[in-house]
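Asks: Here it is, the structure in full.
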Amino acid sequence: MANRLEGQVGVITGGASGIGLACARRYVTEGARVVLGDRNPDALAAAAAELGAAVVSEQVDVTVEADVERLVARAVTEFGGLDVAVNAAGFGTFGFIADHPVDEWRAVIDTCLTGVMLSVKHEGRIMRDAGHGAIVNIVSINARVPAEGMSAYCCAKAGVEMLTRCAAMELGPSGVRVAGIGPGFIDTPMTAFTQVVPAIRDAYLASTPLGRAGQPEDVADAALFLVSEDGRWVSGDTLFVDGASMNKAYPELHKLVGA
Ligand SMILES: NC(=O)c1ccc[n+]([C@@H]2O[C@H](COP(=O)([O-])OP(=O)(O)OC[C@H]3O[C@@H](n4cnc5c(N)ncnc54)[C@H](O)[C@@H]3O)[C@@H](O)[C@H]2O)c1
């Protein structure tokens, strides 16, 4: 099936790489025009060049409200409105709580949680006023599965799952749906380090009952379902796209570094 987003306009944060870029490719293939936002100018230029006239790009830091407002406004000025959005910008750090610099904690919370809040705020305003729209927040299995050394990331993602539920209640009466996707282990630049530390990759695969690494396209297909007409009665929930890995303990990464 194609053209499920024909004539629609999207905003994708973290759209220059990995899961966000896969969503952009999928949405464009289905007929959407998309504004890509990312803080990495080189990756953004490459993504925009690949996707052509269906895409415009904006260098933004999602922790800066004026940047997010400018990004979302471009959907209206360039393409005439905003129908769908994917909030994928994010990253993690590694450090045990007793040794974790608070600046690193704040950076993760700022991007992964506050950045999603700012995105939903500005996307939601436009959608609320238009009386329709669908937003997908990229969560993680770490919203529910604790990981040693990843407390900031786990807490930020748990916050995004709850933000998704709250936003779905507030925006639902205006015809706007808000849902989450919780990926498991997905091959993207964020997890590229596992390609060079085989023990870590093996541990991720061992904790994934379906027995392979997820691909960004696995997430993009779910992100298409959620914003399309097929997902019309889904809001507030997070769909875990993880090969069943939520049911297993998270790899003990600190024991595997250097293994
Ligand atoms: N890869 C995985 O295994 C996995 C698993 C669960 C959840 N996730 C989540 O998926 C999302 C996408 O991650 P990915 O794996 O595609 O990683 P990625 O590194 O390929 O892409 C993330 C993008 O976000 C951008 N970004 C980071 N901070 C930003 C900021 N402050 N402002 C604007 N852009 C910013 C980066 O420049 C990058 O292009 C993240 O939220 C991540 O936490 C990834």
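Asks: Just Val35, Val227, Val145 to compare: in a GNM of the chain, with alpha carbon springs under 10 Å, which one fluctuates most?
Replies: Looking only at Val35, Val227, Val145, the biggest GNM fluctuation is shown by Val145.
Asks: Another one. For the range 1-89, with only Lys/Arg (+1) and Asp/Glu (-1) charged at the beta-carbon, what is the dipole magnitude about the Cα centre, in debye rounded to 20?
Replies: For the range 1-89, the charge dipole is close to 260 debye.
Asks: Rounded to the nearest 20 debye, what is the charge dipole size of the range 9-256 about its Cα centre when +1 sits on each Lys and Arg Cβ and -1 on each Asp and Glu Cβ?
Replies: Magnitude of the dipole: close to 340 debye.
Asks: Using a Cα-Cα cut-off of under 21 Å, which lysines could be cross-linked to Lys157, ignoring same-chain neighbours fewer than 8 residues away?
Replies: The reachable lysines, counting only those whose Cα sits under 21 Å from Lys157, are Lys121, Lys248.
Asks: So what J values fall out for the range 144-150 if you push phi through Karplus, 6.51 cos²θ - 1.76 cosθ + 1.60 with θ = phi - 60°, rounded to Hz, Gly and Pro as x?
Replies: Using θ = phi - 60°, the values come out as 10, 9, x, 10, 5, x, 10 Hz.
Asks: Right, here's the next one. Using unit Cβ charges (K, R positive; D, E negative) and no other charged atoms, how large, in debye to the nearest 20, is the dipole of the range 32-151 about its Cα centre?
Replies: Value, rounded to 20: 420 debye.
Asks: Name the long-range amide H neighbours of Thr188: under 5 Å, sequence gap of 5 or more, or other chain; modelled H, no Pro or chain starts.
Replies: Sorted by chain and number, the residues that satisfy this come to none at all.
Asks: So what is the accessible area of the range 98-199 per residue, in Å², with the probe set to 1.4 Å?
Replies: 42 Å²
Asks: To continue, here is another question. Determine ³J(HN,Hα), in whole Hz, for all residues of the range 241-248 in sequence, where each value follows from phi through the Karplus function 6.51 cos²θ - 1.76 cosθ + 1.60 and θ = phi - 60°; x replaces Gly and Pro.
Replies: 10, 8, x, 6, 5, 4, 7, 10
Asks: Related question: In the neighborhood of Met246, defined by Cβ-to-Cβ distances under 15 Å, what is the net charge if each Lys or Arg adds +1 and each Asp or Glu adds -1?
Replies: Values: positive: Arg144, Lys157, Lys248; negative: Glu161, Asp218, Asp237, Asp242.
So the environment of Met246 carries a net charge of -1.
Asks: Continuing with this model, one more query. Heavy atoms only, probe 1.4 Å: what % of the accessible area of the chain goes to carbon and sulfur, would you let me know?
Replies: The computed percentage sits at 55.
Asks: What is the distance in Å between the Cα centroid of the range 199-259 and that of the range 108-159?
Replies: Centre-to-centre distance over Cα atoms comes out at 16 Å.
Asks: Compute the acute angle (0 to 90°) between the alpha-carbon long axis of helix 151-171 and the principal axis of greatest extent of the alpha-carbon atoms of the chain; round to the nearest 10°.
Replies: Result, in degrees: 30.
Asks: Can you give the angle from 0 to 90° between the axis of helix 18-29 and the longest principal axis of the chain, with both taken from C-alpha atoms, to the nearest 10?
Replies: Approximately 30 degrees, to the nearest ten.
Asks: Most fluctuating residue of Thr191, Thr238, Thr13 in a GNM of the chain with Cα springs under 10 Å: which is it?
Replies: Of the options given, Thr191 has the highest mean-square fluctuation.
Asks: If you don't mind, there's one more thing I want to ask. With unit charges on the beta carbons (Lys and Arg positive, Asp and Glu negative) and the dipole taken about the Cα centre of the chain, which residue among Leu113, Gly131, Trp233 sits farthest to the positive side?
Replies: Result: Trp233, furthest along the dipole toward the positive end.
Asks: Further question: Running a GNM on the chain with Cα contacts under 10 Å, which residue among Asp38, Asp230, Asp242 ends up with the highest mean-square fluctuation?
Replies: With Cα springs under 10 Å in the chain, the top fluctuation among Asp38, Asp230, Asp242 is at Asp230.
Asks: Can you list residues from other chains, or at least 5 along the same chain, whose modelled amide H is less than 5 Å from the amide H of Arg177?
Replies: Gly133, Ala134, Ile135
The values are calculated or read from the model by the stated rules, or taken from the named source; none is laboratory data. In this text the structure is predicted, and so the values were computed from the model without any measurement. All Cβ positions, glycine included, derive from the backbone under ideal geometry; neighbour counts span all protein chains shown. Just so you know, the surface numbers come from the protein's heavy atoms only, side chains and all, with ligands and any DNA or RNA stripped out. Shrake-Rupley method; radii C 1.70, N 1.55, O 1.52, S 1.80 Å.
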